[in-house]
Structure formats: C-alpha cells, structure tokens
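Every read-out reported here was derived from the displayed coordinates using simple, explicitly stated rules and does not represent laboratory data. Just so you know, these numbers come straight off a predicted model, no measurement behind them. Backbone-built Cβ (ideal geometry, glycine too); neighbour counts: all protein chains shown.
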Amino acid sequence: MIEIGDTYPKISKKEELTQLLEKYKLVINTYMIDYLKCLIDLEVPVTKNYITDDERKILSELEIYREASIYNIYNITKGLLNKYKDKYDVYTIDEYGIYSFRLDDVNVFKFDYRNSNKNKEIGIISLFQNIEDAELRNEELERVKNKLDELYNQENPLFNKFNICEGPFDYWDKMKNAEIKAYQELFKKLESRKILTDKEMKSIELTKLFHDSFFKTFGLESNSFFQKKEDPFKIDAKSLEKVLVKKMPLLEINDNIKYI
C-alpha cells in the first residue's frame with residue numbers, strides 16, 4: 001500500500017524539467033548541465049557521489065536541482081518497485097509520488113518531500129531493515145530487568161511531612177510508577193520475542209530484499225552513514241533499534257534498523 005499525503009506537491013514531468021534546464025545553460029557550466037540532464041534522464045541517482053559536496057552546494061541554490069532530484073528519486077524508486085510487481089502487491093501513483101511503501105504492514109520505503117517547496121529542500125528518504133539477533137535481544141532483556149530491580153528498590157527522596165496531596169512527594173511517586181509500568185510492558189514485549197512469529201520472519205525477508213535493492217540502486221555505501229544520537233529520555237529497547245544517517249545538501253537518508 002502506498003499512502004499519499006494531501007500536502008504533497010506534484011512531481012515535475014520530464015518535459016517540464018527539460019524546458020527548465022534550457023534556462024540555466026547560460027547560468028551554470030556545461031559539466032553541471034550534463035549532470036542535471038543525467039538526473040532527469042535517470043542515468044544516475046542523485047544519491048550517488050558523482051559530484052562533490054561543494055558542487056552540490058552550488059547546485060542546491062537552484063530550483064532545477066531540487067525539482068530534478070525529487071523527480072529522479074521518485075522515478076528510480078518507481079522503476080525498482082515495478083520489478084517486483086508480479087511477485088508483490090506493488091502500486092505506484094503518477095503525479096504525486098511515493099510517500100510510504102509498505103508490504104504486509106512492514107515499512108519498506110518512505111520518501112518525505114511534503115515541505116520541499118516551503119523549506120527549499122529535496123526531502124528525507126527512509127529505508128528499513130529488520131534483523132534477527134537473539135543475543136542482542138537477551139542482552140536488552142537483562143538490561144530492562146536490572147532497570148526494573150533498580151526502580152523497585154528506589155525510595156522517594158522527598159519528605160511529605162504534612163501529607164500534602166498532589167505535592168512534590170506524590171508527583172515523584174506518580175512518575176516512578178509510570179516509569180515502572182513502561183519498563184514492565186517493554187519486558188513483556190521482549191520476552192514474547194523469544195520465538196519469532198511467521199509475520200516477523202516475513203518482515204526480515206522483505207526488508208532485507210528491498211533494503212539491499214534500494215542500497216544498490218541508489219549507489220549507497222554503509223561507511224557513508226553515521227549513527228543518530230538516541231533520545232536519552234526514551235523508554236524503549238534502545239539497543240534493538242538504531243537509525244543510521246547520511247546527510248547531503250538538501251537531502252537526508254535514514255537507514256532504520258530494528259533487531260528482533
């Protein structure tokens with residue numbers, strides 16, 4: 001299923017981009033013109049390092065680069081998904097592009113360019129992969145268990161001398177109980193994963209297939225990504241989820257990894 005947001009701008013057509021490119025021939029050099037033409041002709045993905053970051057920064061000032069990049073990402077993705085249409089339930093939508101592509105309730109791909117016009121950006125590409133790792137899951141289970149033991153033994157450091165309701169003493173207790181409940185739910189969730197369901201096994205298979213296909217098609221390299229900092233206040237299976245990020249001028253690529 002592909003979900004399309006109401007606020008998504010239309011994807012430019014090839015003819016429109018080709019005409020727009022003509023206007024820039026007296027503005028930028030032949031090398032840049034040829035590169036933009038290659039993007040429009042889908043000969044190269046905008047995500048691959050065919051030009052330097054400095055050259056991208058120069059191009060990022062131009063409307064044609066942003067429009068051609070969105071067109072490039074959408075149509076290369078569309079072509080990739082069409083390869084699997086006989087095996088999987090793949091739909092593509094002309095004009096408005098691909099927002100979120102899922103198979104059997106599994107995230108596979110997302111291209112968010114809703115605010116591209118407003119922010120003068122290309123957008124954010126999100127890739128997804130689910131990976132089985134029983135050892136890491138057990139380590140996280142032990143961490144959560146230890147955290148719960150720590151919370152159970154934690155005493156309220158505030159003194160409620162006058163038995164005041166809804167004061168700092170009660171607020172501290174309320175926050176502690178909420179944290180305990182969150183960790184208890186997380187513990188149950190992790191324990192239930194000891195045996196993977198058919199749906200989880202299918203998600204591993206699907207995400208690997210499409211993740212590897214997108215990486216190859218977009219010319220991405222693992223060593224060009226860095227790990228995004230975790231939210232220190234987030235109560236979740238921290239070591240079981242991580243986001244690797246590749247930043248380019250006007251474009252961000254997120255590789256969302258989930259260990260199950």
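Ranked by the mean number of other Cβ atoms within 10 Å of their residues, highest first, the peptides 192-199, 124-131 fall in the order 124-131, 192-199.
Electrostatic bookkeeping for TYR259 treats Lys and Arg as +1 and Asp and Glu as -1; over the other residues with beta carbon under 9 Å from its beta carbon, the sum is -1.
Listed by chain and number, the lysines whose alpha-carbon sits under 17 Å from that of LYS194, ignoring those within fewer than 8 places in the same chain, are LYS145, LYS202, LYS258. Near the amide H of ILE131, under 5 Å away, which other amide H atoms are found, from residues 5 or more places off or on another chain, if H is placed in the peptide plane? Counting only residues 5 or more places away or on other chains, the set is LYS258, TYR259, ILE260. The peptide list 204-211, 219-226, put in order of mean Cβ contacts within 10 Å with the highest first, becomes 204-211, 219-226. Pairwise Cα distances in the stretch 135-194 exceed 16 Å in 51 percent of cases. Here LYS13 is the anchor, and the lysines within straight C-alpha reach of less than 17 Å, apart from those fewer than 8 places off in the same chain, are LYS23, LYS37, LYS78. Within the same chain, aspartates and glutamates fewer than 8 places from LYS242 are excluded, and of the rest, those with a Cα less than 13 Å from its Cα are GLU230, ASP231, ASP255. Residue-wise HN-Hα couplings along the stretch 130-146, as the Karplus relation 6.51 cos²θ - 1.76 cosθ + 1.60 with θ = phi - 60° gives them from phi, are 9, 10, 7, 8, 5, 5, 5, 5, 5, 5, 5, 4, 5, 4, 5, 4, 5 Hz; Gly and Pro carry x.
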